[in-house]
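These notes are about the structure you will find just below.
The values are calculated or read from the model by the stated rules, or taken from the named source; none is laboratory data. Just so we're clear, the structure is a prediction, and the values are computed from it rather than from any experiment. Cβ placement follows ideal geometry from the backbone for every residue including glycine, while neighbour counts extend to all protein chains displayed.
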Amino acid sequence: MRPETILFVDDEDHLRLAAAQSLQLEDLDVACFADASEALSHVARDFPGILVTDIRMPGMDGLELMARALEIDSAIPVILVTGHGDVDLAVQSMRDGAYDFLEKPYSPTRLVSSVRRALEQRRLTLENRALRRQVGRRDVIEARLTGRSDAMVRLRQHIRAIAGTEADVLIEGATGTGKEVAARALHRASARSEKPFVHINCAALPADLIERELFGHEAGAFPGAMRARAGRFEHARGGTVFLDEIESMAQPMQAKLLHAIQNRTITRLGSNEPVTLDVRFVAASKQDLRAAAAEGTFRPDLLYRLNVVTLRIPDLTERREDVPKLFTTLVAEAAARYKLAVPDIPGAVLNAVAARPWPGNVRELRNAADRFALGLDLDIGPAADQPEATLAERVAAHEKALIAASLTAHGGSLKETYEALGLSRKALYEKMQKYGLSREAFIAEG
């Protein structure tokens, strides 16, 4: 059936024919049925159409058909066709969920008008559902990858753009930046979100075990293999395989991985039968794999297969304005995890947190947030800047971080912020504009 189909149900042949002609002359797609059960078989959640049904019919009548259709999708418009004596019944049915009713004999104009309005409502309903699903996917990404810096906005945009595709992805970033978090956000925003996300730490698997762990084995494939076992790749069927620290994988295993990715098949140890894979591969590396390929420590052909799309996770030094808000979020998460009240965070602490380097990135910041939530001293050390930055760049980065910290501490209140920083309102506005800081990003939630 084409989109926006009208299911017309009536047990009288001449009424079905007349309705079909009237609707088709208006370029409306209609499917006619003499039997309610047959029409019901075409109704599904998000069915792009409406139902028009007579009330009085043998077997399943129109009211039962409406009730069962609304059980499938409570928002599908149902137009009831009534005889003169059924008007009161039709009015009650409107209260029970019917969209409209037509009293026999009805004019073709009345039928077409009611149908068009019902179709328009159905279109709006389905559009709203689609938008809510998109917002839900965005919420998944933003909840996991917070931050208003340009680097994080671009990262989220890239993930949204590729989430619905089947493209394999390479994620690059320094230790602790959140590569696994990005991989999980990508999985949760994809059509594979209900299927397994299998995390494989390539550095943690011994070289002599990695093949059987990934590909599985048959009974008797090696001493001690008493029964067959599916590997991690098979376990991820329908979902996502996340190959963390892939740069640590030995070259012989890289060749077998390349074959699996190219052909989407594997062969268990001790078997000759290929197993088809329905998975998406996401790999992560803290090293530059292009440099490793140039040095001969990583296979270039595997790199080309993996980096169909490359995502780069920024260091915290590249998004200093995100650090205060991220720290407050991590403190709240830690307090919930330890079943403690969320402590107040003084502005001086946020200033210091924003100004210091975090070589361990989010992982190190999370540890500091845990200590703060537990009431321990927060040893955040002296501030330091990237050595390659000029003095003007370092001053600007420090100033931007301090303004962001103060905005966070005061819940986005501009008055409290410029008073705490000893600035005029105009000066604060100018500096926020200069550094791309938006008040809305710092407004306290709840």
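Overview of results
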| read-out | value |
| --- | --- |
| Among the residues listed as 219, 203, 182, 189, the single one being within 26 Å of residue 310 (Cβ to Cβ), out of contact with any Pro (no Cβ under 8 Å at 6 or more places or on another chain) and surrounded by fewer than 15 Cβ atoms within 10 Å (Cβ to Cβ) | 203 |
| Verdict on residue 297 being more than 30 Å from residue 220 (Cα to Cα), assigned to a loop (DSSP other than H, G, I, E, B), more than 26 Å from the chain's Cα centre (by Cα) and among the hydroxyl-bearing types (Ser, Thr, Tyr) | yes |
| Evaluation of residue 59 against (1) in a helix (DSSP H, G or I); (2) surrounded by fewer than 17 Cβ atoms within 10 Å (Cβ to Cβ) (one fails), failing number | (1) |
| Members of region 174-195 found to be outside any helix (DSSP H, G or I) and either in contact with an Asp or Glu (Cβ under 7 Å, 6 or more places away or on another chain) or modelled with pLDDT of 95 or more (or both), listed by number | 174, 176, 177 |
| Residue among 330, 350, 365 that is over 29 Å from residue 167 (Cβ atoms), at pLDDT below 90 and either under 29 Å from the mean Cα position of the chain (by Cα) or assigned to a helix (DSSP H, G or I) (or both) | 350 |
| Every pair of residues 6+ apart whose Cβ atoms lie under 9 Å, when the first sits in region 389-413 and is not assigned by TED's automatic domain parsing to the domain that holds residue 431 while the second is assigned to a helix (DSSP H, G or I) and aliphatic (A, V, I, L, M) | none |
| Boolean, residue 194 is without any contact (Cβ under 8 Å) to a residue 12 or more places away in the chain, farther than 22 Å from residue 291 by Cβ and under 18 Å from the mean Cα position of the chain (by Cα) | yes |
| Unmet criterion (only one of (1) surrounded by fewer than 20 Cβ atoms within 10 Å (Cβ to Cβ); (2) within 19 Å of the chain's Cα centre (by Cα); (3) under 21 Å from residue 250 (Cα atoms); (4) touching a residue at least 60 places away in the same chain (Cβ under 8 Å)) for residue 169 | (1) |
| Of the criteria (1) among the β-branched types (Val, Ile, Thr); (2) loosely packed, with under 15 Cβ neighbours inside 10 Å; (3) modelled with pLDDT of 85 or more, which one residue 115 fails | (2) |
| Unique match (being farther than 30 Å from residue 349 by Cα and out of contact with any strand residue (DSSP E or B) (no Cβ under 9 Å at 6 or more places or on another chain)) among 253, 249 | 253 |
| Single match in 212, 227 (criterion: in contact (Cβ under 8 Å) with a residue 24 or more places away in the chain and more than 24 Å from the chain's Cα centre (by Cα)) | 212 |
| Candidate set: region 76-98, residues that are part of a loop (DSSP other than H, G, I, E, B) and modelled with pLDDT of 90 or more; chosen: the one nearest to residue 53 (Cα to Cα) | 77 |
